[in-house]
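A.B. asks: Mind looking over this structure? Questions follow.
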Amino acid sequence: MIDVLVVDDDVRVARVNAAYVAKVPGFRVAAVAHSAAEALAVLAAADQPVDLILLDHYLPDGTGLAVVRELRALGRESDVIMVTAARDVATVREAMRHGALQYLVKPFGFAGLRAKLEAYAALRRTLDGGGEAEQAEVDRIFGALSAGPVVPDLPKGHSPTTAELVRQVLLAADGPLSAQEIAERAGVSRQTAQRYLKLLERTGRVRLSLKYGETGRPEHRYAWAGQAAR
């Protein structure tokens with residue numbers, strides 16, 4: 001199991017993020033903290049090292065980056081994924097410099113966080129294997145937590161983050177989903193989901209099928225193109 005410390009000053013948000021973590025197989029919530037001091041105290045008192053920290057940047061007694069700096073000064077090797085509303089490039093750059101593995105901008109849905117956690121788990125499995133790596137393997141390791149653009153050159157008014165959320169929902173599904181199901185899993189409105197689904201279908205990323213019910217009116221169902229039917 002991968003033990004996770006969830007750090008967020010908002011009690012409600014921390015509770016939601018912890019619930020998200022608990023839903024991903026292979027992960028469990030070791031503790032929840034709402035301040036920098038509380039996070040550091042939890043890490044200092046832990047019998048076993050926390051594997052991963054989901055770390056907010058805006059904390060009542062400091063910043064997430066200050067927590068990371070303190071961790072590194074103490075020799076703690078817990079991995080960090082920043083989970084924050086901070087969007088300025090300077091903060092993103094500092095997070096990279098202090099070894100944050102990924103940076104997830106709020107707001108996001110379960111699919112967005114699950115994608116990061118699953119990528120992190122895959123990265124740990126690769127690194128725990130040890131041995132030597134050829135250049136291709138090194139490139140894969142360094143890019144493990146990064147996702148390329150779902151659709152290059154998105155039209156004006158479309159967000160790459162939302163497109164990626166829709167993609168992750170479809171990839172994680174056991175079969176085709178309706179626009180309403182996708183909206184609920186991605187944490188967006190049905191109208192937004194439909195807008196992105198139409199765009200992804202036009203560009204060949206999404207496959208559309210029809211499901212006929214008792215009323216005779218077909219329901220549109222969507223799946224990621226190229227994904228094996230299950």
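The values are calculated or read from the model by the stated rules, or taken from the named source; none is laboratory data. Every value quoted in this text rests on a predicted model; they were computed, and no experiment measured them. All Cβ positions, even for glycine, are placed from backbone atoms using ideal geometry, and neighbour counts span all protein chains on display.
A.B. asks: Give me the pairs: first residue in segment 90-107 and closer than 20 Å to residue 17 by Cβ, second residue part of a helix (DSSP H, G or I) and of a type in the set (Phe, Trp, Tyr), beta-carbon distance under 8 Å, and six or more apart or on different chains, which are they?
C.D. replies: Once the first residue is closer than 20 Å to residue 17 by Cβ and sits in segment 90-107, its partners that are part of a helix (DSSP H, G or I) and of a type in the set (Phe, Trp, Tyr) give 101/120; 102/120.
A.B. asks: Moving on. In the set 59, 71, which member is under 26 Å from residue 122 (Cα atoms) and of a type outside the set (D, E, K, R)?
C.D. replies: Answer to the check: 71.
A.B. asks: Still on this structure: Any residue at all in segment 51-61 that is within 13 Å of residue 5 (Cβ to Cβ) and more than 21 Å from the chain's Cα centre (by Cα)?
C.D. replies: Within segment 51-61 (the criterion being within 13 Å of residue 5 (Cβ to Cβ) and more than 21 Å from the chain's Cα centre (by Cα)), the answer is no, since none of the residues qualifies.
A.B. asks: Among 190, 221, 207, 167, which is the only one that is closer than 22 Å to residue 115 by Cβ, touching a helix residue (DSSP H, G or I) at 6+ places or on another chain (Cβ under 6 Å) and of a type in the set (Lys, Arg)?
C.D. replies: Exactly one residue qualifies, and that residue is 190.
For (1) surrounded by 19 or more Cβ atoms within 10 Å (Cβ to Cβ); (2) assigned by TED's automatic domain parsing to the domain that holds residue 63; (3) in contact (Cβ under 8 Å) with a residue 24 or more places away in the chain, each residue gets a yes or a no:
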residue: 9; (1), (2), (3): no, yes, yes
residue: 30; (1), (2), (3): yes, yes, yes
residue: 33; (1), (2), (3): yes, yes, yes
residue: 41; (1), (2), (3): no, yes, no
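A.B. asks: Among the residues of segment 191-208, which ones are under 21 Å from the mean Cα position of the chain (by Cα) and among the basic types (Lys, Arg)?
C.D. replies: 205 - this is the single residue of segment 191-208 that is under 21 Å from the mean Cα position of the chain (by Cα) and among the basic types (Lys, Arg).
A.B. asks: How many of the residues making up segment 100-122 are charged (D, E, K, R) and closer than 20 Å to residue 12 by Cα?
C.D. replies: 2
A.B. asks: Somewhere in segment 50-63, is a residue surrounded by 11 or more Cβ atoms within 10 Å (Cβ to Cβ), of a type in the set (Val, Ile, Thr) and more than 18 Å from residue 10 (Cβ to Cβ)?
C.D. replies: The answer is yes; a qualifying residue exists.
A.B. asks: Sort out which residues of segment 37-51 are farther than 22 Å from residue 113 by Cα and in contact with a strand residue (DSSP E or B) (Cβ under 6 Å, 6 or more places away or on another chain), and write them in order of number.
C.D. replies: 42
A.B. asks: So which helices (runs of 4 or more DSSP H) are wholly in segment 1-118 and hold at least 2 residues that are basic (Lys, Arg)?
C.D. replies: Qualifying helices (runs of 4 or more DSSP H): 11-23, 64-73, 89-97.
A.B. asks: In segment 17-31, what residues are under 18 Å from the mean Cα position of the chain (by Cα) and aliphatic (A, V, I, L, M)?
C.D. replies: 18, 19, 21, 22, 24, 29
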